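The block underneath contains the structure these notes are about, expressed in structure tokens.
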Amino acid sequence: MPLEAYRKRRDFKKTSEPKGKEKKFSHKKPLIFVVQKHAATHLHYDFRLEINGVLKSWAVPKGPSTNPEDKRLAVMTEDHPLEYAKFAGIIPEGEYGAGTVEIWDKGKWEPVGDPLEGLNKGKLLFKLFGKKLTGEWVLLQFKNDTENWLLKKTKK
Ligand code: MN
């Protein structure tokens, strides 16, 4: 149940966030990514990539930087349903992630190499085709640390 952690944290009677359906992974459709600006207790940017029928998600406190010299901390969070890519709105006070969510950028993405292997090995290389974010990017997992990754644009 890839969305179990996501659903456990939310009361869908109170939040308008999608409950999500389990989707089968399809190679036919282009893969989507979204970056949501989330004004919660601490402002952050949720960076989400469609992998295997869910949105793999990282919270990036400072947001992505298009300067290849900048590395941005990206903390892996629970998988989100694909429908979440369309979500913008207000998560009510007292609910998980309370605050305003807006779509900051979205578009297609393409893995460079096998994305599941990249996730397992802690080095995920990919191309983004958004409005703000384009070109080649990498997510690098800290050694011996499952949650913390670095997000940076490559020099390509
Ligand atoms: Mn968030």
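The values are calculated or read from the model by the stated rules, or taken from the named source; none is laboratory data. Bear in mind the structure is a predicted one, so any value in this text is a computation, not a measurement. Cβ placement follows ideal geometry from the backbone for every residue including glycine, while neighbour counts extend to all protein chains displayed. These area figures cover heavy atoms from the full protein model, side chains too; ligands, DNA and RNA do not enter into them. Shrake-Rupley method; radii C 1.70, N 1.55, O 1.52, S 1.80 Å.
Annotations
- Point-charge dipole on Cβ atoms (K/R +1, D/E -1) for the stretch 24-115, about Cα centre, debye to 20: 300
- Residue of 39, 85, 59 that the Gaussian network model of the chain assigns the largest fluctuation, springs spanning Cα pairs under 10 Å: 39
- Residue-normalised accessible area of the chain, given per residue in Å² at a 1.4 Å probe: 58
- Under 12 Å, Cβ to Cβ, from residue 50 - net charge with Lys/Arg +1 and Asp/Glu -1: +3
- For the stretch 102-146, the spread of Cα positions along each principal axis, largest first, Å: 33, 24, 14
- Evaluating kT/(6 pi eta Rh) at 37 °C and 0.692 mPa s, with the Kirkwood radius of the chain over Cα pairs in the Stokes-Einstein relation, gives 208 µm² s⁻¹.
- Rule-of-thumb Rg ratio for the stretch 11-92 [Cα; 2.2 N^0.38 Å; N residues]: 1.17
- Of the solvent-accessible surface of the chain, computed with a 1.4 Å probe over protein heavy atoms with every protein chain present, carbon and sulfur atoms account for 53 percent.
- Rounded to the nearest 20 debye, dipole of the chain from Cβ charges on Lys, Arg, Asp, Glu: 420
- Couplings 3J(HN,Hα) for the stretch 30-44, derived from phi with the Karplus relation 6.51 cos²θ - 1.76 cosθ + 1.60 (θ = phi - 60°), are x, 7, 10, 10, 8, 10, 10, 7, 10, 8, 8, 3, 10, 4, 8 Hz, where x marks Gly and Pro.
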